[in-house]
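Below is one structure; the comments refer to it alone.
The values are calculated or read from the model by the stated rules, or taken from the named source; none is laboratory data. Computed from a prediction, not measured in an experiment: that's the story for all the values here. Here the Cβ positions follow ideal geometry from the backbone for every residue, glycine too, while neighbour counts run over all protein chains shown.
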Amino acid sequence: MKFVALISGGKDSFFNIIQCKRQGHVLVALANLHPQNEAQSETDSFMFQTVGHDIVGYYARCMPLIPLYRQALSGGSTNVQLEYLPTPDDEIEDLYELLARVKDEHPDIEGVSCGAILSHYQRTRVENVCERLGLTCLAYLWQRDQAELMLEMCSLGLDARLIKCAAIGLNETHLGKLITHMLPILTKLNQMYDVHICGEGGEFETLVFDAPFFENRLEILDQEAVAHSSDCSYLKLLVKVVEKDHSDSVTEGSSKEDENTIRKMLHGEFSAILKGIKAEKAISIPDVKESSFSLSPTVFKTPLRLYISNAVDAALDVQTQTQNIMTHITSILRSNDASIADLQHVTILVRDMGDFAKINSVYASFFANTYLPPSRVCVQTTLPEPYCLQVSCIALKPPVETRHGIHIRSRSFWAPQNIGPYSQAIVEVRDSFKTATLSGQIPLQPANMLLFDKDLVTAATLSLQHLYKVKSLISVKQLAAAVCFVTTTSPHIVSQVWHDYVQEVECGQDFVNRLIIAQVTGLPRNAPIEWAGLAFEKVVNMYEDEDEIEGPRLLSLATEQKEKFKTNIVSVNENFNLVKMMGNDINAVIDFLRSPALGNSHVSVMTTLSNIHKLVALGLPAEWIPVVRVWDSDCEEYEYAITWVA
């Protein structure tokens, strides 16, 4: 895609241009915001690097074929909330005006290059502007290891020099030094004082004098060190543009395929998972007979959650069904003193993934003004006639201390960007624990968003790494439950990838038995596999016995079920316990669903559509998830996979 690059003069913005070009994107414009008072060297903006702004104009002569658009900052850091909404007199509205002007001049621009590495504050604001303008944020430095990143910058010929320092161990003597000379010093300061090697903590700022794609370069004529404060100094520079000797230039690299190879995409222990598993041809799904029976939305109330399950509609077209379902869900939420904003997670089952775009457009309209829409899983499976889709959702009941999450829309090497009306994760924070619902992850290659489906082993490992990266970024460590949807009968591959992941990546934590593997008829983008999950982290009072958190009702009923089902119990809180049950006996399922002890709890049942038909005919309450086949984490097949939340 054609893109405009946001530049500050610093190393990150220019190095991200290199990464964009290596992915095959085409640079057509540069954009920069500068202080309104051009005599002011440093504004301490929350968002933009302004030191060295007087040099930025010279870049137009370094890249004479690329137009440079500049605009003065008229606003300030008015809205400092992490989740930015358009705010009058905020500097982000200056960014919006600047990029809108660039887009008017270059209507074919589709992307915006942003050099964010760790800053959610910076990334979310650029994403907000991009979304309003219909552009994609390209942030290929996002979540990169800083030591590795700085080494790449040095090796690819980026002539970047320190022009500001504000950290322990850095002083005026370091101003003007090349990052190649500073790397050993910064590495040592990182080891001693946790100084960020790339300066992500504001420890230093840089200015780029040359880059592989420059036609000409900058040269210093004069420099003066200025003490901005007792612990902060910066350089005032006088520069000129000189002709570049291209014979000594380091090439920026082409858009090589190996940048997107699995070796590049899989990190650490995930790459090791591939070595021990042999790829093989998967068996396709057999034809599945459909059935016709009626479903009714069911509402389950637990002390902490409101579950709305099996929402369906019998309208003639899929858009009307979606509209009616979402309107009904909104009405149920309202009648329970809740709203769309309280939703944590949504599960959408569709009869035909070909209808997904129509479903999604209607679904998205209900979250148009929501920055953090609920996490989501969507699969294609068999549904009873005449339903085109079935929606189930989870709403959080007060008191919730905080509801936050991640909704990363930038394209990067980190994990797939968010391209729909859902968040990668939604975190519920309560006084003694927190939970996180994790959206479904398929094996997309993050840098280009193309599907990897050459073999199931690699696809399973890559998509599981995506789930892990999301879980790691939100710092909710334990998995209470995981589900892996597949479209082929190769559960042993999934099982082995899962066991290796728990052992190698999670260091043998005790959640290996918390996985359900379910075969469905289709997945988004025709993917072969999709991982999703529920993570948690609890805080146990020092006077509370962790083993006694489970309520007597749960212990009694769960103990009874161990004779009839293979069970796994996860206790998060006295009001939030999760039991996974695998079984084959429909009579045991019926007895369980009829138990009076299920009051104020939620049960979901994965099984074939014909089995669901039998259970629905008996008037039994549950969230129904039709699947082709189902297995546990050890690859043992069962008729029923039950998840009980009490």
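When you go through ILE408, ILE394 one by one, which is the residue that is in contact with a Phe, Trp or Tyr (Cβ under 9 Å, 6 or more places away or on another chain), part of a loop (DSSP other than H, G, I, E, B) and of a type in the set (A, V, I, L, M)?
Residue meeting the stated conditions: ILE408.
Have a look at VAL540, VAL570 and point out the one that is out of contact with any Gly (no Cβ under 9 Å at 6 or more places or on another chain), surrounded by 16 or more Cβ atoms within 10 Å (Cβ to Cβ), assigned by TED's automatic domain parsing to the domain that holds LYS301 and modelled with pLDDT under 95.
VAL570
Taking LEU349 as the residue in question, decide whether it is part of a loop (DSSP other than H, G, I, E, B), among the hydrophobic types (A, V, I, L, M, F, W, C) and over 30 Å from SER119 (Cβ atoms).
no
Yes/no matrix, rows are residues, columns are (1) surrounded by fewer than 23 Cβ atoms within 10 Å (Cβ to Cβ); (2) among the hydrophobic types (A, V, I, L, M, F, W, C); (3) at pLDDT below 95:
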| position | (1), (2), (3) |
| --- | --- |
| SER604 | yes, no, no |
| THR607 | no, no, no |
| ALA617 | yes, yes, yes |
| PRO626 | no, no, no |
| TRP631 | no, yes, no |
| ASP634 | yes, no, no |
| ALA641 | no, yes, no |
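Would you confirm whether any residue within the stretch 326-341 is within 21 Å of the chain's Cα centre (by Cα) and closer than 28 Å to ARG132 by Cα?
yes
Among the residues of the stretch 19-38, which ones are over 18 Å from LEU68 (Cβ atoms) and either outside any loop (DSSP other than H, G, I, E, B) or not assigned by TED's automatic domain parsing to the domain that holds LEU207 (or both)?
GLN19, ARG22
Does at least one position in the stretch 193-207 carry a residue that is assigned to a helix (DSSP H, G or I) and assigned by TED's automatic domain parsing to the domain that holds SER13?
yes
Mind checking which residues of the stretch 186-211 are over 25 Å from TYR58 (Cβ atoms), among the polar types (S, T, N, Q) and in contact (Cβ under 8 Å) with a residue 12 or more places away in the chain?
Within the stretch 186-211, THR187, ASN190 qualify.
Any chance you could count how many residues in the stretch 164-176 are surrounded by fewer than 18 Cβ atoms within 10 Å (Cβ to Cβ) and touching a Leu at 6+ places or on another chain (Cβ under 7 Å)?
Residues that pass the stated criteria total 2.
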